[in-house]
């Protein structure tokens, strides 16, 4: 396969081959990360702009480290906007930055579709680092990569995602990455946060956490994003933690070698108990590590070649 | 004097659908002559209507002319030019201008500007509440005297059931029509697309169909209770049609309209975050679209109106959630509606009913919507066979916000008369008046 | 089976002889196999380094350490390629500090690959020295790089390519000189 993609806006239109290509490239990148000198000159002279309209220290840092490991010049641009502010902020800012001729813009924005929109108006490559409730493709890829490292395969695994499905961009990317690889996907949460239409993704929907966790190979907990909810989708955090939080008792229903994932940051004691977060089943920190390799792979794949306009 | 010679005259109001000629004199319909009886020599303009349909001038009862206040999007001159080009002799313009049409001065401004610069009849709708704020009623009677044909806070609903109740009751004394943009704002707030698989997949904050349906139910129940008259604007949902049907059966004085995009498109059109398919109410699912079609066929839905909502490129060239609601529609409403004829379930006469006779009747425009002798000579001549592709060069509106560029259309208005004046013509040798 | 414009330079037997000689030269110059480590350059250098490793084993009775390096991330022409080349793995499972590292490649041409490989090696540690063994030296250097051990010097035109086939058993290995039709140059 030849890599011909200019932008990474979402995994919705990624083929299985492309996903595998990224994972293979990430494996090579992970080799670099195990060395004493964790830096290669591949993107020397290229500029990558982190354009973040939403606070996200983790994702931004991960991209920054990934770029620096590849010797790219990393520039950070942060600006807080509300999701319903008029478009001038995004388009004007992006065109300004595009005029400075970066190779790649990495964008995080509170509006769904912001990365798609941007990609139509700039000449550089665009990587979506999270757009509203739409997608977070690098997270979807790193989750897949983490499971592949832990389990060697994804096909046939029962993978359960629990929490705020309605607002989660992580889910919308992971459904594609795990789905393409043949996982048995389950979505679980309070009914007010799990729209019934999501069943059309091919995932099984349940509002019963026990059913969701029973015999699961992978349990992914989502962060309850209180800041996203203008009107309450459930009565209280206390009740949420009791009905939809993962603790040892419920996790004991999963397969013996099941792993726990979380895109972070964790609300300890809400969606995930302390005990489990720090247990041997948790691969949460491996996810973070995989994140750098995945992002290096994508930066590398997008930053070169004639087809990318610079 | 003007002769429209030997076309298919379709006038449901007088029960006529036959080939013949129409004589126009002094801005009125002077005579109908069956084929073969047209005079050999005629002292005046002769429009050859062979193979064409001759219809009472179309009336678009839901249009935003953006004048006063948003003239960079549209003004009365360009809006009525778009209307004429799309086959309309009359438009009914909504009150969400700046200033809002909640004062007789604004109503008069619109009517005077339309009279001097317009190429279509313009009937203003005044606001139900001052500033569209949903709090105090406007001066209905005075506004009516200034020329308002109906009252609506379109763009938003009258949120308070109490205010709407009072308005319905008060309007009865003057036989005024209230028109409602039916939306439960609390349910729809923050939403940008129909709640369904497409919105969930794209992560767009959803608007549930129940937001419209609950409001329609409320409006119908209040009309029933007060005995007032209400017209439900731009119905987009299946249950909305069902509720309208139920209300009519129960004898409520309720009528309803839909727009061409609700029976032509579904929410699949927003794929790729296409802001040109963003409107309020939003495009719905296939089940809703089918129910709208059914409502048109069985007569539940009274009117097709365009909800022509011009927006500058700038307010559409942004993130989906931030984009303005609405599309232009005056120039696509007729050809898209003619698409309904293909299945045979909608007859040409029914189409004329939906786009001319019914709006005239609902709005109480006694001289419009008919080709009977003595009616205003508002006439739309349609070539039902012509095939064309809708493109930017067809647009007379100031704005270009439409999802229909590149669509293959069948049928088009080739000439429009307004009080006997030619306001639009694609016919050889027939020029519109300057 | 002569394809059009393709000339056989070396067959499997010939390659075996050449690699034997190279191995002897390496052992002679380094006075034995002590401190020697072999690093093949992906892809062509890897099987060659394995052959050399085997020959050292049969001559000296020792297994020298061997690894391989993918130089893609160190190339100086990344943005000139039509698309990003697929990354191969780098595997140097030992410390190269104070080793005599023998870089092994199939064809020495402009020298840019060797430059990249040396940069990569230096990111792994500080070898005592780096030596270069190549099967074919076809000339046209663009950097001041010279091989310590050369299997065969093959004078070429720029318009030609050297094609090294090192798949399957060694009897089937071959080196061809091939004309590139004008306009199809790499």
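Anything in segment A:8-26 that is buried (at least 18 other Cβ atoms within 10 Å of the Cβ), part of a helix (DSSP H, G or I) and within 14 Å of chain C (Cβ to nearest Cβ)? List them, or say none. Full working, then the answer.
Residues of segment A:8-26 that are buried (at least 18 other Cβ atoms within 10 Å of the Cβ), as a first pass: A:8-11, A:14, A:18-19, A:21-23, A:25-26.
In the following step, the residues that additionally are part of a helix (DSSP H, G or I) were identified as A:18-19, A:21-23, A:25-26.
Hits for segment A:8-26 are A:18, A:21, A:22, A:23, A:25, A:26.
Of all residues in segment A:285-307, which are surrounded by fewer than 19 Cβ atoms within 10 Å (Cβ to Cβ) and under 17 Å from residue A:147 (Cα atoms)?
Let us first name the residues in segment A:285-307 that are surrounded by fewer than 19 Cβ atoms within 10 Å (Cβ to Cβ), namely A:285-286, A:288-289, A:306-307.
Across segment A:285-307, the qualifying residues are A:285, A:286, A:288, A:289.
Among A:198, A:220, A:181, which is within 14 Å of another protein chain (Cβ to nearest Cβ) and touching a helix residue (DSSP H, G or I) at 6+ places or on another chain (Cβ under 8 Å)? Show your work before the answer.
Working: A:220 fails: within 14 Å of another protein chain (Cβ to nearest Cβ); A:181 fails: within 14 Å of another protein chain (Cβ to nearest Cβ).
When all the criteria are applied, what remains is A:198.
Scan segment A:231-239 and give yes if some residue there is surrounded by 15 or more Cβ atoms within 10 Å (Cβ to Cβ) and either part of a helix (DSSP H, G or I) or touching a residue at least 60 places away in the same chain (Cβ under 8 Å) (or both), otherwise no.
Initially, segment A:231-239 is screened for residues surrounded by 15 or more Cβ atoms within 10 Å (Cβ to Cβ), giving A:233-234, A:237.
Within this subset, residues satisfying the condition of being either part of a helix (DSSP H, G or I) or touching a residue at least 60 places away in the same chain (Cβ under 8 Å) (or both) are A:233, A:237.
Yes, segment A:231-239 contains at least one residue that is surrounded by 15 or more Cβ atoms within 10 Å (Cβ to Cβ) and either part of a helix (DSSP H, G or I) or touching a residue at least 60 places away in the same chain (Cβ under 8 Å) (or both).
If you take the residues in segment C:164-186 that are in a strand (DSSP E or B) and at pLDDT 90 or above, which one is nearest to the chain's Cα centre (by Cα)?
Taking segment C:164-186 first, the residues in a strand (DSSP E or B) are C:164-165, C:174-179.
Checking the rest, the ones that are also at pLDDT 90 or above come to C:164-165, C:174-177.
Details: C:164: 10, C:165: 13, C:174: 15, C:175: 13, C:176: 16, C:177: 17 Å.
So, considering only residues that are in a strand (DSSP E or B) and at pLDDT 90 or above, the one nearest to the chain's Cα centre (by Cα) is C:164.
Hey, among B:66, B:41, B:77, which residue is part of a loop (DSSP other than H, G, I, E, B) and touching a helix residue (DSSP H, G or I) at 6+ places or on another chain (Cβ under 8 Å)?
On the way: B:41 fails: touching a helix residue (DSSP H, G or I) at 6+ places or on another chain (Cβ under 8 Å); B:77 fails: part of a loop (DSSP other than H, G, I, E, B).
Only one candidate qualifies: B:66.
Scan segment B:285-311 residue by residue and report those that are part of a helix (DSSP H, G or I) and within 14 Å of chain A (Cβ to nearest Cβ).
B:286, B:287
What pairs can you find where one residue is in segment C:72-84 and within 15 Å of residue A:5 (Cα to Cα), the other is at pLDDT 75 or above and not in a loop (DSSP other than H, G, I, E, B), and their Cβ atoms are less than 6 Å apart, with a gap of 6+ or different chains?
Going by the 6 Å Cβ cut-off, the qualifying pairs are C:84/A:301.
Give segment C:87-111 a look and list any residue that's within 13 Å of chain A (Cβ to nearest Cβ) and outside any loop (DSSP other than H, G, I, E, B), or say none.
Listed by number, the list holds a single entry, C:91.
Within segment C:115-126, can one find any residue that is more than 14 Å from chain A (Cβ to nearest Cβ) and either surrounded by 17 or more Cβ atoms within 10 Å (Cβ to Cβ) or in contact with a strand residue (DSSP E or B) (Cβ under 9 Å, 6 or more places away or on another chain) (or both)? Let's see the steps before the verdict.
In the first step, residues of segment C:115-126 are kept if they are more than 14 Å from chain A (Cβ to nearest Cβ); the result is none.
Within segment C:115-126, not a single residue is more than 14 Å from chain A (Cβ to nearest Cβ) and either surrounded by 17 or more Cβ atoms within 10 Å (Cβ to Cβ) or in contact with a strand residue (DSSP E or B) (Cβ under 9 Å, 6 or more places away or on another chain) (or both).
Give segment A:187-220 a look and list any residue that's without any contact (Cβ under 8 Å) to a residue 60 or more places away in the chain, in a strand (DSSP E or B) and closer than 15 Å to residue A:164 by Cβ, or say none.
Selection gives A:187, A:188, A:205.
Restricting attention to helices (runs of 4 or more DSSP H) lying wholly within segment B:178-284, give those where 1 or more residues are more than 14 Å from chain A (Cβ to nearest Cβ). So that I can check it myself, show each step before the final result.
Values: elements: B:185-188, B:197-202, B:209-226, B:238-249, B:260-264.
Once the helices (runs of 4 or more DSSP H) in segment B:178-284 are filtered for at least 1 residues that are more than 14 Å from chain A (Cβ to nearest Cβ), what remains is B:209-226, B:238-249, B:260-264.
Is it the case that residue B:159 is surrounded by fewer than 24 Cβ atoms within 10 Å (Cβ to Cβ) and either within 28 Å of residue A:111 (Cβ to Cβ) or free of Cβ contacts under 8 Å to residues at least 24 places away in the same chain (or both)? Explain how you work it out, then say what you get.
Working: surrounded by fewer than 24 Cβ atoms within 10 Å (Cβ to Cβ): yes; either within 28 Å of residue A:111 (Cβ to Cβ) or free of Cβ contacts under 8 Å to residues at least 24 places away in the same chain (or both): yes.
So residue B:159 fits the description; yes.
What number of residues within segment C:27-56 are within 16 Å of the chain's Cα centre (by Cα), buried (at least 16 other Cβ atoms within 10 Å of the Cβ) and in a loop (DSSP other than H, G, I, E, B)?
Final tally of qualifying residues: 2.
Report those strands (runs of 3 or more DSSP E) wholly inside segment B:321-434 carrying at least 2 residues which are under 18 Å from the mean Cα position of the chain (by Cα). Step through it out loud before you land on a result.
Values: elements: B:379-389, B:408-418, B:421-425.
Qualifying strands (runs of 3 or more DSSP E): B:379-389, B:408-418.
Failed condition for residue A:137, given (1) crowded, with 19+ Cβ neighbours inside 10 Å; (2) more than 14 Å from chain B (Cβ to nearest Cβ); (3) over 23 Å from residue B:191 (Cβ atoms); (4) touching a residue at least 60 places away in the same chain (Cβ under 8 Å), with all others met?
(2)
Identify the residue in segment C:57-86 that is assigned to a loop (DSSP other than H, G, I, E, B) and more than 8 Å from chain A (Cβ to nearest Cβ) and, among all such residues, is surrounded by the fewest Cβ atoms within 10 Å (Cβ to Cβ).
C:61
Picking from B:147, B:190, which residue would you name as being at pLDDT below 95 and surrounded by fewer than 23 Cβ atoms within 10 Å (Cβ to Cβ)?
On the way: B:147 fails: at pLDDT below 95.
It is B:190.
Tell me which residues, restricted to segment A:27-42, are more than 8 Å from chain C (Cβ to nearest Cβ) and either out of contact with any helix residue (DSSP H, G or I) (no Cβ under 8 Å at 6 or more places or on another chain) or farther than 24 Å from residue C:126 by Cβ (or both).
Quick first cut of segment A:27-42, residues more than 8 Å from chain C (Cβ to nearest Cβ) only: A:30, A:33-34, A:38.
The answer is A:34, and nothing else.
The values are calculated or read from the model by the stated rules, or taken from the named source; none is laboratory data. Everything quoted here is computed from the prediction, not taken from an experiment. Heads up, the Cβs are rebuilt from the backbone with ideal geometry, glycines too, and the neighbour counts pull from every protein chain shown.
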